[in-house]
Amino acid sequence: LMEKSPAEALKNNIIGTYTVARYAARYNTAKFVLVSTDKAVNPTNIMGASKRVAELIISAFDKINGTDYSAVRFGNVLGSSGSVVPIFKQQIMSGGPIKVTHPDIKRFFMTIPEACQLVIQAGAMAKGGEIFILDMQKPVKIKDLAESMIMMYGMIPGVDIEIKYTGLRPGEKLYEELMLDDEAMETDHEKIFVAKTAAHDMEYIEGYMKEIQSAIDDSADLDTIIKLLQKAVPEFIPADIKRINRDLFI
């Protein structure tokens, strides 16, 4: 949805974060926790890039007032709205096929209690400027998850229920990452990592927000929006460009 409507992603993830962060500062809110995503790390799509900008925004706000601004990076939350598990269950109960985008695609998973705990822990532990990341162990192959669910229902993958590969969606990559290469990691909790990241100052953010708003007001096209996101997030390389470069290299 965000790939198809990038201006709406800017409104929600960037303008929205900036607006709420500004009011938190105005009314002396004690704690501000941004819910981010693992897609913000070396992003290949509009969602991830815009969420990375949101992280930069709260990092800048943390420098200028008494509110403790922090962020949490989530992986995929099992059983949440839009989770792959209930979708696979529905597809199995309908007789298949289970639809997987790519045989090698991997994702990090966390449970709803783990996700809730992470937000609460972030609020309790935050001193300002941190990005909290749950230790989600190794990423899971979606193909393996699909096969396990088929067998859990007493059926045989590829015999009783077909697994159909539909191709990567716009902006999608094969695997996600939890941290940037230059993020210094600390551990303040057994299963929670804390990343202190480099941040822009508020003067930069204020000027950048004017550019974002201008792009929205002018109904900027996708190429313009991508370039604007890359200005703040230079590591943002759209997935389609990565695939073209990979194919050329091969």
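Please go through the stretch 22-41 and pick out each residue that is part of a strand (DSSP E or B) and basic (Lys, Arg).
Scanning the stretch 22-41 gives a single hit, 31.
Residues in the stretch 61-91 that are in a loop (DSSP other than H, G, I, E, B) and free of Cβ contacts under 8 Å to residues at least 40 places away in the same chain were compared, and the one that is most open to solvent (accessible area, probe 1.4 Å) is 81. Only one of the numbered conditions (1) under 9 Å from the mean Cα position of the chain (by Cα); (2) in a helix (DSSP H, G or I); (3) not small (Gly, Ala, Ser) is not met by residue 58, and that is (1). Within the stretch 101-160, being more than 19 Å from residue 74 (Cα to Cα) and acidic (Asp, Glu) holds for 104, 144, 147, 160.
Screening residue 220 on (1) more than 21 Å from the chain's Cα centre (by Cα); (2) part of a helix (DSSP H, G or I); (3) among the aliphatic types (A, V, I, L, M) shows it passes everything except condition (2). Taking the criterion of being open to solvent by less than 60 Å² (accessible area, probe 1.4 Å), farther than 21 Å from residue 176 by Cα and touching a helix residue (DSSP H, G or I) at 6+ places or on another chain (Cβ under 7 Å), the residues of the stretch 105-156 that qualify are 128, 129, 149, 150.
Elements of the type strands (runs of 3 or more DSSP E) sitting completely within the stretch 97-162 and holding at least 1 residues that are at pLDDT below 85: these cover 109-111, 130-134. Filter the stretch 21-60 down to the residues that are surrounded by 17 or more Cβ atoms within 10 Å (Cβ to Cβ) and among the β-branched types (Val, Ile, Thr) and list them by number. Within the stretch 21-60, 33, 37, 41, 44, 46, 53, 57, 58 qualify.
The number of residues in the stretch 1-21 being acidic (Asp, Glu) and in a helix (DSSP H, G or I) comes to 1.
The values are calculated or read from the model by the stated rules, or taken from the named source; none is laboratory data. None of these values were measured; they are calculated from a predicted model. In this analysis, Cβ positions are derived from the backbone assuming ideal geometry, glycine residues included, and neighbour counts consider all displayed protein chains. Heads up: the accessible areas ignore ligands, DNA and RNA and are worked out on the full protein's heavy atoms, side chains in. Shrake-Rupley method; radii C 1.70, N 1.55, O 1.52, S 1.80 Å.
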